[in-house]
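Take a look at the structure set out below.
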Amino acid sequence: MSISTKYNPKEVEKKWYESWMQRGFFRSKPNSNKEPYTIVIPPPNVTGVLHMGHMLNNTIQDVLIRRARMQGKEACWVPGTDHASIATEAKVVALLKERGIEKKDLTREEFLTYAWEWKEKYGGIILEQLKKLGASCDWDRTRFTMEDDLSAAVIEVFVDLYRKGHIYRGVRMVNWDPQGQTALSDEEVVPKDTMAKMYHLQYPVVGEDAFITVATSRPETIMADVAVAVNPNDERYTHLHGKHVRIPLLGREIPVILDEYVSIDFGTGALKVTPAHDLNDYELGQKHRLPIIDILNNDGTLNEQAQLYVGQDRFAARRNIAKDLQEAGLLLKVDEYASVLQTSERTGAVIEPRLSMQWFCKMEALAQPALEAVMNDEIRLHPPKFKNMYRSWMENIRDWCISRQLWWGQRIPAYYLPDGSFVVATSEVEALELARGQSGNEALQAADLRQDEDVLDTWFSSWLWPISVFDGFKDPDNKDILYYYPTNDLVTAPEILFFWVARMIMAGYEFRNEPPFRNVYLTGIVRDAQGRKMSKSLGNSPDPLDLIEQYGADGVRAGMLFSSPAGNDLLFDEKLVEQGRNFSNKIWNAFRLIKGWEVDANLPCPNETAMQWFEARFNEAFVQIEDHFSKFRISDALLTVYKLVWDDFCSNYLEMIKPAYQQPIDKQTLDTTVAYLEKVLKVLHPFMPFLTEEIWHELKERKEKEYLIVAAWPKKDKFDKEIIGKMESVLQVVGAIRNIRNGKNIPNNKQLDLFIKVMMGQDQYTPFMGIMRKLANLNEIRFVEENIEGAISFIVAGDEFFIPMEGNIDVAAERERLLKELEYTKGFLLSVDKKLSNERFVSGAPEAVIANERKKKADAEAKINAIEQSLASL
């Protein structure tokens, strides 16, 4: 059979993915004979394309789902997308502008028609891209947060929570995007480092020829000032207690108020209070019952209440007022300082803290069971270091602003009567019935009601995701929700632990009285080699599809996981992906080697020891792999597989058992080796599915549905620790001999003799003689009781080994090298002796440290002895 000399992922990946799909291996149905294993995908934005974070997140999910499938569980990975209200509306608005259409010229229905057209054309791109990665989702179960049933669930939940008293409407401080003209959630606000200016303004004191200096970064908001606050203990301002000051330029009088909130040591110690435009000022204003003056329009321009600069953009007004204050002699100075600017994730606009009439969800009662579930480990966070952060956030949770001033999304089911009152209902029909009862006016018609213009925050749909994807609101007792829920594991990023994960937990307990999942695996952030978060704007993020094209999906998957421990950021370097590709080629070459052997059924088996060792080594590694999986150390699990495959199987086992050039192999060795390779392919498959499926089918003929993707996962078995320990010593001996060859430029094809002076007996080496001869290319191996003259010696596990050098090396050069090594080792021993003779060190250092130093001393003494003997023999 002709086998390609190099693994070609392009020829393999499409073939096997289509084959898996055609045979329905990804599909899942409730099966009472199987244990369910369920993952719901963190739904990517419908506007999205695959980025490095998606690659990491979905690779981990696929590893978990493929392993569960092989374990015989009913594995179900539900895919889907999020309608992403703000992002999608921005995309549609931009598209319409290109066509010369303005959103303001359209009705809501017309705009939504365009939005749905956009979604149908572009909305599935990221899911198609995930297929190239190898994601084995049940694509028949794909959901979308704005499809009819999921939208109905959102409305039902809103009405339910409203009737329970959890949802209310009121004026509160929110994050306002003046460009998108909508409220934003905290997770949609992006902090950006910048240099800002601090303006020191002079507020004239009423009735005195004096000023108080106030520092502000936003001088345009002084027209909204309602007080100046000072600390009552600040002696600098004692004379101003009970006084008033005038706002610069405007002249309006405002009181000086006293509050310990004001820091004496920060700035000037005097704080302008602008309740309409700062959250802390708002709370200070509420405490002191101050009036509220809102000087900004929705688009960030100044309104009539500002009196000055009306109609100007806030930043233009800032420039103008600074100039006018300077001319009036009221601007003392301007300083520059490092600051953080809060910006909109979607539009890039600078966020305005703004009082706005919005819908809110009370969180305190909903948060309590969700807090307890994580604290008592009913739901486990991996790594657990996030528990304290979670607790802090949940214990200090604020009410959730759930309304957005958009058209794309689930419309808030509140209906306003002509008198301004409202009812909340799941439909217009129900709303009309409620409105008639509330108003006592049976003549009310549907046309008399006006539905709220706002839509719900996107997270208000995605917090229901683990329930709604199984239609748990439409039919709370349907077979899917009863079988698959609670789901097993959630894989997501730490930055949405509170905004999504915590809310899903709340929804799980509120609507089904049980958790939505058992484990939360928190991935790190993918960063570049300089530690910067990868982003398009920085230009430091490679295109994942380009990486797949160049290195193959398996190479990319392995490369991403090589250094991505849970909860810790991944410093991505393309060399990691190259290493993944090299790993693919290593496995492929091992497969080619095995397939290239000819078998002779009449030959005896000379490889019993090697086969026993690898069987034990596989079982030992498998126990470690399972332990890593149980603790969600996915990266460690792959690294254990990597070492098992690269070092133990390829570099050692195959070298131990391969026949001489163009010689046949015995049948027992070949059959056992093929079985070992199959076991290796099984533990490697979740990480590198395409390569392993290809080799699985090329290795031998398979039945129609005998695919690796559904092959049985190995089971833990006992292993012979003794043979593993002995082989470890043997491989150290082989490594030492190879190092001698390299150091002395002795060709690999030149046979050497080996003499062994043992401390505890010869039995531990006798079964390994053939392996040592083969791996180290040895001629004679003999046990001796005396040192060998003219030989280089080394020590392994207390035994001394000698390689005669006569005719192999330059004796004078070797003597010079040994003298230098002796001098260095004696110096090292002297430094260790100094430590151990220092009573202060010995009495104060931990016992383990002392033991380590004593071991260094013993090793150095043994090495000096061996070098001196080598010198004597030379």
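So ASP186 clears everything in (1) open to solvent by 50 Å² or more (accessible area, probe 1.4 Å); (2) touching a Lys or Arg at 6+ places or on another chain (Cβ under 8 Å) except one condition, right? Which one?
Result: ASP186 fails condition (2) only.
Looking at region 692-710, which of the residues that are among the charged types (D, E, K, R) and free of Cβ contacts under 8 Å to residues at least 60 places away in the same chain is least open to solvent (accessible area, probe 1.4 Å)?
Ranking the candidates gives ARG702 first.
For LEU331, only one of the following conditions fails: (1) closer than 30 Å to ALA90 by Cα; (2) open to solvent by less than 70 Å² (accessible area, probe 1.4 Å); (3) modelled with pLDDT of 95 or more. What is its number?
(1)
Pick out, from region 1-117, the helices (runs of 4 or more DSSP H) lying fully within it that include 1 or more residues that are touching a Cys at 6+ places or on another chain (Cβ under 9 Å), open to solvent by less than 10 Å² (accessible area, probe 1.4 Å) and among the hydrophobic types (A, V, I, L, M, F, W, C).
52-70
Just the residues that are touching a residue at least 40 places away in the same chain (Cβ under 8 Å), open to solvent by 20 Å² or more (accessible area, probe 1.4 Å) and in a strand (DSSP E or B), please, taken from region 518-559.
Passing the criteria: ASN519, ARG527.
Checking the condition under 23 Å from ALA196 (Cα atoms), among the hydrophobic types (A, V, I, L, M, F, W, C), out of contact with any His (no Cβ under 9 Å at 6 or more places or on another chain) and surrounded by 15 or more Cβ atoms within 10 Å (Cβ to Cβ), which residue from ILE222, ILE295 passes?
ILE222
Here's the yes/no breakdown for (1) more than 24 Å from SER339 (Cβ to Cβ); (2) of a type in the set (Phe, Trp, Tyr):
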{"position": "TYR199", "(1), (2)": "no, yes"}
{"position": "TYR203", "(1), (2)": "no, yes"}
{"position": "PHE211", "(1), (2)": "yes, yes"}
{"position": "ILE222", "(1), (2)": "no, no"}
{"position": "TYR237", "(1), (2)": "yes, yes"}
{"position": "HIS244", "(1), (2)": "yes, no"}
{"position": "LEU250", "(1), (2)": "yes, no"}
{"position": "LEU258", "(1), (2)": "yes, no"}
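Would you call TYR162 surrounded by 17 or more Cβ atoms within 10 Å (Cβ to Cβ), farther than 18 Å from VAL262 by Cβ and more than 33 Å from the chain's Cα centre (by Cα)?
Spelling it out, TYR162 is indeed surrounded by 17 or more Cβ atoms within 10 Å (Cβ to Cβ), farther than 18 Å from VAL262 by Cβ and more than 33 Å from the chain's Cα centre (by Cα).
Could you list, in sequence order, all residues of region 768-792 that are more than 20 Å from ALA610 (Cβ to Cβ) and either in a loop (DSSP other than H, G, I, E, B) or open to solvent by 20 Å² or more (accessible area, probe 1.4 Å) (or both)?
ASN779, GLU780, ARG782, PHE783, VAL784, GLU785, GLU786, ASN787, ILE788, GLU789, GLY790, listed by residue number.
Given the conditions (1) free of Cβ contacts under 8 Å to residues at least 60 places away in the same chain; (2) surrounded by 14 or more Cβ atoms within 10 Å (Cβ to Cβ); (3) not in a loop (DSSP other than H, G, I, E, B), report the number of the one that MET394 does not fulfil.
It is condition (1) that MET394 fails.
Applying the selection to region 641-688, what residues are under 28 Å from LYS385 (Cα atoms) and crowded, with 22+ Cβ neighbours inside 10 Å?
Selection gives VAL641, PRO686, PHE687.
If I ask for residues that are under 23 Å from LYS474 (Cα atoms) and part of a loop (DSSP other than H, G, I, E, B), which ones from region 420-439 would you list?
Listed by number, the residues that qualify are ALA425, THR426, SER427.
List every residue pair whose Cβ atoms sit under 7 Å apart, with the two residues 6 or more apart in sequence or on different chains, where the first one lies in region 262-283 and is touching a residue at least 12 places away in the same chain (Cβ under 8 Å) and assigned to a strand (DSSP E or B) and the second, anywhere, is open to solvent by 10 Å² or more (accessible area, probe 1.4 Å) and among the hydroxyl-bearing types (Ser, Thr, Tyr).
Short answer, once both residue conditions are applied: ALA270/THR213; ALA270/TYR237; LYS272/THR216.
Look at region 130-156 and say how many of its residues are within 11 Å of SER468 (Cα to Cα) and open to solvent by less than 10 Å² (accessible area, probe 1.4 Å).
The qualifying residues number 4.
The values are calculated or read from the model by the stated rules, or taken from the named source; none is laboratory data. All figures in this text were calculated on a predicted structure; none of them were measured in a lab. So basically every Cβ, Gly included, is an ideal-geometry build from the backbone, and we count neighbours across all protein chains shown. Side chains are part of the model used for accessible areas, which takes the heavy atoms of the whole protein and leaves out ligands, DNA and RNA. Shrake-Rupley method; radii C 1.70, N 1.55, O 1.52, S 1.80 Å.
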